[in-house]
Protein chains: 2
Amino acid sequence: MTRDFNELTSTAAVLERNVNCRDVRLREIMISLVTHLHAMIKEVEPTFEEWAFAIDFLTRTGQICDDKRQEFILLSDTLGVSMLVDAINHRRNSAATESTVLGPFHVSGAPHLQMGDSITRDGKGEPLYMSGRVLNESGAPIAGALLDVWQTSWDGFYDVQDDRQPEMNLRGQFVTGNDGRYFFRSVKPASYPIPSDGTVGTMLTALGRHPMRPAHVHFIVSAPGYQSVTTHVFVDGDPYLDSDAVFGVKESLIVPFVRHDDSAAAERLGLGNPFFTAEYDFVLVQATVPQPAPFAAKA
Amino acid sequence: MTRDFNELTSTAAVLERNVNCRDVRLREIMISLVTHLHAMIKEVEPTFEEWAFAIDFLTRTGQICDDKRQEFILLSDTLGVSMLVDAINHRRNSAATESTVLGPFHVSGAPHLQMGDSITRDGKGEPLYMSGRVLNESGAPIAGALLDVWQTSWDGFYDVQDDRQPEMNLRGQFVTGNDGRYFFRSVKPASYPIPSDGTVGTMLTALGRHPMRPAHVHFIVSAPGYQSVTTHVFVDGDPYLDSDAVFGVKESLIVPFVRHDDSAAAERLGLGNPFFTAEYDFVLVQATVPQPAPFAAKA
């Protein structure tokens, strides 16, 4: 009986409609959703214009999405929700590599490459040699670990955003051997703005926030019997490390990208001179319980 | 400094980014939004799959919207949010007609008709004679009041949903004379499902809820110097009065739709026999302070 829906009864009125819902989890989610949504409305006391603006904002956010653009993920990212979901799903007291957001630019099916190969397909940018190991919690190498790598160009664009770049530029998948080592050639990534011509960009501007992310290389590292990790390796010294638009930075993921001016070393590594090197060791923990699939599986 | 974003710091980390926001109201809204959104995430502890589902649900909700369909308004309606916003914006201790949701089917620019005219353009359904007055709080008639009326067909569809109906079927605008009276001919509206082939329909099914609304006639009543009211007049006895999918029913808005079998009266009113009559007097309160435009202004 909800013929007298008002500010005092609204939450209960909506929730009592769910008595026939057979999905216990859904019912639990709806209790939290409706309770917080109504509480927020009562706190904010939106005018009709403000509420209509919210409806229109959400509508435009959905309508800007296509097969290459996911504005609701950007909204989730810039409100800190993606990183919060990530934190909740990675509570662990271990030496494992910390995770961070997947972001909207992962592409499934990047080329399978040999260790040492280059992921740049246009050669543009400052040469980078990136290397390290995939280890277990005891420090032993993990053989057969898959590294799915992607990053921006030297000027801060992913291939899918940039018609000037070849397809699958700066993307690759590598499998470790018995030594657990990985190494590949690339170019130094740049800090860059998240797409800011949509609703999220408008929101950031209204909030006096910049849309920049500090430079990083994305990795999804997985291995049979281990929990996979979706993370970034960040470039130390980047001016946006303390104000990442999507809250993705963790201290443990920042590494020096060291500049070298050494023609002989450059030639040995198959790089132009000068060049940069960066090293990061990934640590995976064993999958002792059934794990959720990585966010990537949905992208 | 947000290099250590976690479950304890997330809300503060996101909010501290808004220090440069110059819009005090927006900052206030964001505090409430981010606080409740993060609190909900911490309560629900969504898996990545669940969060990805939410992203996809919102995206699909935006993408189903077009110039005739507004799925986010339906979502707001079915979660009781629209009626809550309405309640907050219509706190009054007066005899004024209670308001209810605008709904997604209002169309601007309905035909201007003379009192007594019919709003049915295809004549299908059980004849209805609807009448009453527009009064002020003292019970005096309001001259020059505009009634914007719309309703479903006999079988529960608005013209904009139904290719079989003529354009502007069952829509009209009427202006009262000095007696404040209104009267027009129509057909008896039907209870009907809100559009259920989109994300909102899927949600209602998952929650074990039906998508039905009890039969009603929509009105926006406005007059110079008065607060306008967006409301419905509901058909007493409708089986869905206690479970309106959008929580729009208020006891004071339910009136009898009385059946008559009287050929002479029918002829006098210009209706087929048998026919229904319904009466409702609207009461408007004076606009003492600047009022927000009715929701209709945005539709």
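Since every read-out is calculated from the coordinates, none of them should be taken as a lab result. None of the values given here were measured: they were computed from a predicted structure. When we count neighbours, we look across all protein chains shown, and the Cβ atoms used for this are built from the backbone with ideal geometry, even at glycine.
One Cα centroid belongs to segment B:48-120, the other to segment B:132-147; the line between them spans 26 Å. Taking the inverse of the mean 1/r over every pair of distinct Cα atoms in segment B:151-238 gives a Kirkwood hydrodynamic radius of 15.2 Å.
Centre-to-centre, using Cα atoms only, segment B:234-252 and segment A:159-189 are separated by 60 Å.
Taken along its principal axes, the alpha carbon cloud of chain A reaches lengths of 82, 43, 30 Å, longest axis first.
Here, segment B:9-127 has an Rg and a Dmax of 21.3, 65 Å when only alpha carbons are counted. GNM on chain B, alpha-carbon springs under 10 angstrom: the most fluctuating residue among B:Met168, B:Met40, B:Met212 is B:Met40. Amide H contacts under 5 Å for A:Ala245: A:Met212, A:Arg213, restricted to partners 5 or more places along the chain or on a different chain, H placed in the peptide plane at 1.01 Å from N. GNM on chain A, alpha-carbon springs under 10 angstrom: the most fluctuating residue among A:Asp56, A:Asp242, A:Asp281 is A:Asp56.
For segment A:106-192, which trypsin sites (Lys or Arg not before Pro) are in a loop by DSSP, counting at most 12 other Cβ atoms within 10 Å?
On the way: sites: A:Arg121, A:Lys124, A:Arg133, A:Arg164, A:Arg171, A:Arg181, A:Arg185; in loops: A:Arg121, A:Lys124, A:Arg164.
Loop-located and lightly packed - A:Arg164.
Less than 5 angstrom separates the built amide H of B:Ser153 from those of B:Tyr158, all sequence-distant by 5 or more or on a different chain.
Inverting the mean 1/r over all pairs of different Cα atoms, compute the Kirkwood radius of segment B:222-273 and quote it in Å.
Taking the inverse mean of 1/r over all distinct Cα pairs, segment B:222-273 comes out at 14.0 Å.
Secondary structure note: in chain A, about 75% of the DSSP beta bridges are antiparallel. Computed with the Debye formula from one identical point scatterer per Cα of segment A:16-55, without solvent, the log10 of I(q)/I(0) at q = 0.17, 0.18, 0.25, 0.29 Å⁻¹ comes to -0.58, -0.62, -0.81, -0.91. Debye sum, Cα scatterers, the protein assembly as shown, no solvent: what log₁₀ I/I(0) at q = 0.12 1/Å? One equal scatterer on each Cα of the protein assembly as shown leads to -1.13.
Quick check: convex hull of the Cα atoms in segment A:80-146, volume per residue, rounded to a whole Å³?
Numbers: hull volume 10.8 nm³, N = 67.
Cα convex hull per residue, to the nearest whole number: 161 Å³.
Here, P(r) means the percent of Cα pairs in each 10 Å bin from 0 to the largest distance; for segment B:157-299 it is 9, 30, 38, 19, 5, 0. Residues whose amide H falls under 5 Å from that of B:Leu128, counting only those 5 or more places apart or on a different chain, are B:Ser186, B:Val187, B:Lys188, B:Phe276, with hydrogens built in the peptide plane. At A:Ser138, label 7 Å along Cα→Cβ: distances to the other copies, nm, ascending? Nearest to farthest, the other copies are at 9.3 nm. For peptide B:12-21, the mean count of partner chain Cβ atoms within 10 Å of a residue's Cβ comes to 4. Among B:Asn169, B:Asn20, B:Asn89, the residue with the largest mean-square fluctuation in a Gaussian network model of chain B, with springs joining Cα atoms closer than 10 Å, is B:Asn20. By the rule of a C-alpha distance below 12 Å, with chain neighbours fewer than 8 residues away ignored, the aspartates and glutamates paired with B:Lys42 are A:Asp86, B:Glu7.
Please tell me the relative contact order of chain A in percent, rounded to the nearest whole number, where contacts are Cα pairs under 8 Å and at least six residues apart.
Answer for chain A is 20 percent.
Across chain B, the longest run free of exposed loop sites, meaning GluC sites (Glu not before Pro) lying outside DSSP classes H, G, I, E and B with no more than 15 other Cβ atoms within 10 Å, spans B:168-299. Just need the relative contact order of segment B:1-134 here, percent rounded to a whole number, with Cα pairs under 8 Å and 6+ apart. Result for segment B:1-134 is 13 percent. Counted over the protein assembly as shown, the DSSP beta bridges are approximately 75% antiparallel. By the combined test of axial Cα extent (at least 18 Å) and Kyte-Doolittle hydropathy (mean at least 0.5), the qualifying DSSP H helices of chain B come to B:24-44.
In nanometers and ordered shortest first, the copy-to-copy spacing of the A:Phe53 label point, defined 7 Å from Cα toward Cβ, is 3.3.
Take peptide A:28-35, look around each residue's Cβ out to 10 angstrom, count Cβ atoms belonging to other protein chains, and average those counts. Write down the numbers at each step before the final one.
Numbers: counts 2, 7, 5, 2, 9, 6, 4, 4.
Per residue, the number of nearby Cβ atoms from other chains is 5 on average.
As a test of the formula, what do you get for chain B when each DSSP H run with n ≥ 4 contributes -39,500 (n - 2.57) and the sum is divided by the residue count, at 222 nm and rounded to the nearest 500 deg cm²/dmol?
Working: 7 runs with 74 residues, N = 299.
The helix contribution divided over chain B gives -7500 deg cm²/dmol.
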